[in-house]
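Worksheet for the structure shown next.
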């Protein structure tokens, strides 16, 4: 039994390290913060979220940046490329029009994942993929880092129309305030 726990912990650490290393690549124009001159891309709720509410919302990728900059995380979060999003979450790029994901290293389960789905069906698929990710993370950390389970047992997972937002942090109240 001890051998199984050791192998499971080693496998979980290897996967987490691989995700971090793959997420560190990118072109020289990548930055962990949005450029100060970039105006937040606005979209109406009718355009991005499938309803005709008239409420203006930012693109999902901007919510990721707001969550990244607006919450203090224990771990250093790194943005991952869309190809890694598909590998890690199983969310194909053709399922969303805007999206951004930040993941932590091996020390925590802290993550941010925000998407504007192309339609209602894709939004449902994205939400299911995020739920599956949360469940997989629970299994991965239950033996080697159980202190992270509260983030997974009470995740911020919010849907606004066709937009889906997930934030795993120690500050759910702030995350919910940012997402709105």
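Rundown of residues vs (1) touching a residue at least 60 places away in the same chain (Cβ under 8 Å); (2) crowded, with 20+ Cβ neighbours inside 10 Å; (3) more than 21 Å from residue 62 (Cα to Cα), yes/no style:
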residue: 90; (1), (2), (3): no, no, yes
residue: 107; (1), (2), (3): no, no, yes
residue: 117; (1), (2), (3): no, yes, no
residue: 122; (1), (2), (3): no, yes, no
residue: 132; (1), (2), (3): no, no, yes
residue: 139; (1), (2), (3): no, no, yes
residue: 145; (1), (2), (3): no, no, yes
residue: 148; (1), (2), (3): no, yes, yes
residue: 154; (1), (2), (3): no, no, yes
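For residue 161, the criteria (1) under 20 Å from residue 66 (Cβ atoms); (2) under 16 Å from the mean Cα position of the chain (by Cα) hold in every case but one, which is (2). Restricting attention to the stretch 84-110, the residues that are over 16 Å from residue 133 (Cα atoms) and out of contact with any strand residue (DSSP E or B) (no Cβ under 7 Å at 6 or more places or on another chain) total 3.
Taking the criterion of being surrounded by 15 or more Cβ atoms within 10 Å (Cβ to Cβ) and on the phi > 0 side of the Ramachandran plot, would at least one residue in the stretch 76-84 satisfy it? Walk me through how you get there before you give the answer.
Step one: filter the stretch 76-84 for residues surrounded by 15 or more Cβ atoms within 10 Å (Cβ to Cβ), giving 77-81, 84.
Next cut, on the phi > 0 side of the Ramachandran plot only: none.
No, because not a single residue in the stretch 76-84 is surrounded by 15 or more Cβ atoms within 10 Å (Cβ to Cβ) and on the phi > 0 side of the Ramachandran plot.
Counting just the residues of the stretch 87-125 that are over 22 Å from residue 176 (Cα atoms) and in a loop (DSSP other than H, G, I, E, B), which one comes out modelled with the lowest pLDDT? Applying the filter and picking the extreme gives 106.
Determine if the stretch 145-159 includes at least one residue that is more than 21 Å from residue 76 (Cα to Cα), out of contact with any helix residue (DSSP H, G or I) (no Cβ under 8 Å at 6 or more places or on another chain) and modelled with pLDDT of 95 or more. Looking through the stretch 145-159, none of the residues is more than 21 Å from residue 76 (Cα to Cα), out of contact with any helix residue (DSSP H, G or I) (no Cβ under 8 Å at 6 or more places or on another chain) and modelled with pLDDT of 95 or more.
The values are calculated or read from the model by the stated rules, or taken from the named source; none is laboratory data. This one's a predicted model, so the numbers in the text were calculated from it and none came from an experiment. Virtual Cβ from ideal backbone geometry, glycine too; neighbours counted across all protein chains shown.
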